[in-house]
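Novice: This is the structure, below, for whatever I ask next.
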Amino acid sequence: MSERVESVELRGALLRLRRTTGLQVVFGGLLHDGRAMRIAELNGAVTPALRGLTISTGSGLGGKCLALSRPCAVTDYASARHITHEYDGPVSAEGLRSVIAVPLVVRRKVRGVLYGALRDALPIGERVFDAAVAAARDVEQAFAVRDEVRELYARAASPGPSWEEVRQAHGELRELAPKVADPELRARLLAVCGRLESAAAAREGTPERPSAPPLTPRETDVLAAVASGATNAAAAQRLGLRPETVKGYLRSAMRKLGAHTRLEAVLAARRAGALP
């Protein structure tokens, strides 16, 4: 995943956090070498003092947050006793007093820090604290989904994967696609699924696909989950649907494909090129 895309995710979360909490300044950055990060995203700042500031692990509030992998906050930054004060100059220049820092943790690895601040020495309330943590979780989820997409794409595109591995990658990509907020990435993901489906038709020696009513994206998602051996309940959990909804999509797909069982539906979808 490119640094640009990660920055867009962080920028959006910071903007939403400021709008919903009344925090006067929000900012953040991502780690580049595993030890230090650079403040690259700011909203509400009135000076350039914080932009580009490099934060080392263990130094200042953000560095403490990086080192402990947990949220940290101070009511008055300049007089706080439990942090080091290498960054008092830039913080003072921006006029920040009350500050919260929340780590971005993906797969137990800290990827950056999200900050929120006030220019008054006021305690960070529970509502604001919870909102900052929720904003960080949103970024973490977006990063995790993108990481998984990248890994699955690499697995599907790697030379010589077994056909079962291709089918598994296809099913997992179909499950992830609805969770991706970026419409461009989601479209690319579905395009990859389409290429895998086309490869399936070519592999079966049927470039002319059997005529069949087109399946909806959700019907295809459900069939892909069923093809991996998932029960209706497991498919519902993977796809974020209710089991009854999964049953409805499955019945509809079976009707379109002229199938009487789940297995027949999967085989018919593969023959039609809807599944690899």
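Novice: Run the numbers for Arg108 and Ser79: contour at 0.36 nm per residue of separation, minus the present Cα-Cα distance, in nm. Mind showing how you got there, number by number?
Specialist: Details: separation 29, 0.36 × 29 = 10.44 nm, distance 3.15 nm.
Answer, rounded to one decimal: 7.3 nm.
Novice: Going by alpha carbons, how many degrees (0 to 90, nearest 10) lie between the helix axis of 183-203 and the longest principal axis of the chain?
Specialist: Result, in degrees: 30.
Novice: Another one. Val25's amide H: which non-local residues (gap 5+, or another chain) put their own amide H closer than 5 Å, with H modeled 1.01 Å from N in plane and none for Pro or chain starts?
Specialist: Under 5 Å from the amide H of Val25: Ala117.
Novice: Please give every one of the lysines within straight-line cross-link reach of Lys256, meaning a C-alpha to C-alpha distance under 28 Å, and leave out same-chain neighbours fewer than 8 residues apart.
Specialist: Lys179, Lys247
Novice: A further question on this structure: Taking the chain as the reference, fit the longest principal axis to its C-alpha atoms, fit the long axis of helix 126-157 to the helix C-alpha atoms, and give the angle between the two in degrees, 0 to 90, nearest 10.
Specialist: Approximately 40 degrees, to the nearest 10.
Novice: OK, next. Would you kindly derive the ³J(HN,Hα) couplings of the range 11-24 from the backbone phi angles with the Karplus curve 6.51 cos²θ - 1.76 cosθ + 1.60 (θ = phi - 60°), listing them in order in whole Hz, with x for Gly and Pro?
Specialist: Calculated HN-Hα couplings, in order: 4, x, 5, 5, 5, 5, 5, 5, 5, 8, 10, x, 4, 6 Hz.
Novice: Cut-off is 10 Å between beta-carbons; in what order do Asp76, Asp138, Asp221 appear when sorted fewest neighbours first?
Specialist: Values: Asp76 13, Asp138 18, Asp221 23.
Lowest count first: Asp76, Asp138, Asp221.
Novice: Can you sort Lys179, Lys109 by how many other beta carbons sit within 10 Å, fewest first? Kindly include the intermediate steps, with their values, before the conclusion.
Specialist: Working: Lys179 15, Lys109 10.
With the fewest neighbours first, Lys179, Lys109 line up as Lys109, Lys179.
Novice: Would you mind checking the tilt of helix 163-176 against the longest principal axis of the Cα atoms of the chain, expressed as 0 to 90 degrees and rounded to 10?
Specialist: Rounded to the nearest ten degrees, it is 50.
Novice: Additional query: Given springs between every Cα pair under 10 Å in a Gaussian network model of the chain, which of Glu41, Glu264, Glu126 has the largest fluctuation?
Specialist: The residue with the greatest mean-square fluctuation here is Glu126.
Novice: Give, rounded to the nearest 20 debye, the magnitude of the charge dipole that the chain has about its Cα centre when Lys and Arg contribute +1 at Cβ and Asp and Glu contribute -1 at Cβ. Present the calculation step by step, with values, prior to reporting the outcome.
Specialist: Values: 40 positive and 30 negative charges, 105 e Å.
Roughly 500 debye for the chain.
Novice: Would you kindly state how much longer the chain becomes between Ser69 and Glu86 on full extension, computed as 0.36 nm times their sequence separation minus their alpha carbon distance, in nm to one decimal? Intermediate values should be presented prior to the final figure.
Specialist: Working: separation 17, 0.36 × 17 = 6.12 nm, distance 1.97 nm.
My answer for the length gained is 4.1 nm.
Novice: Non-local amide H neighbours of Arg111 (under 5 Å, H modeled in plane, Pro and chain starts lacking H): which ones?
Specialist: Placed amide hydrogens put Leu104, Val105, Val106 under 5 Å from Arg111.
Novice: Let me ask something additional. Given the peptides 229-237, 114-122, arrange them by the average over their residues of other C-beta atoms within 10 Å, most packed first. It would help to have the intermediate numbers written out before the result.
Specialist: Numbers: 229-237: 16.3, 114-122: 20.4.
Highest-to-lowest ranking by the protection proxy: 114-122, 229-237.
Novice: Let me ask another. Taking one equal scatterer on every alpha-carbon of the chain, how large is log10 of I(q)/I(0) by Debye at q = 0.10, 0.12, 0.15, 0.16 1/Å?
Specialist: Here log10 of I(q) over I(0) equals -0.64, -0.78, -0.98, -1.06.
Novice: A further question follows. Explain nothing, just the number: relative contact order of the chain, from Cα pairs under 8 Å at least 6 residues apart, as a whole percent. Could the numbers behind the result be given before it?
Specialist: Working: 434 pairs, mean separation 36.7, N = 276.
This gives 13 percent for the chain.
Quick note: the coordinates plus some simple rules give every number you see, no bench work behind them. These numbers were taken from a predicted model, which means no experiment stands behind them. Reconstructed Cβ throughout: ideal geometry from the backbone, glycine too, with neighbour counts over all protein chains shown.
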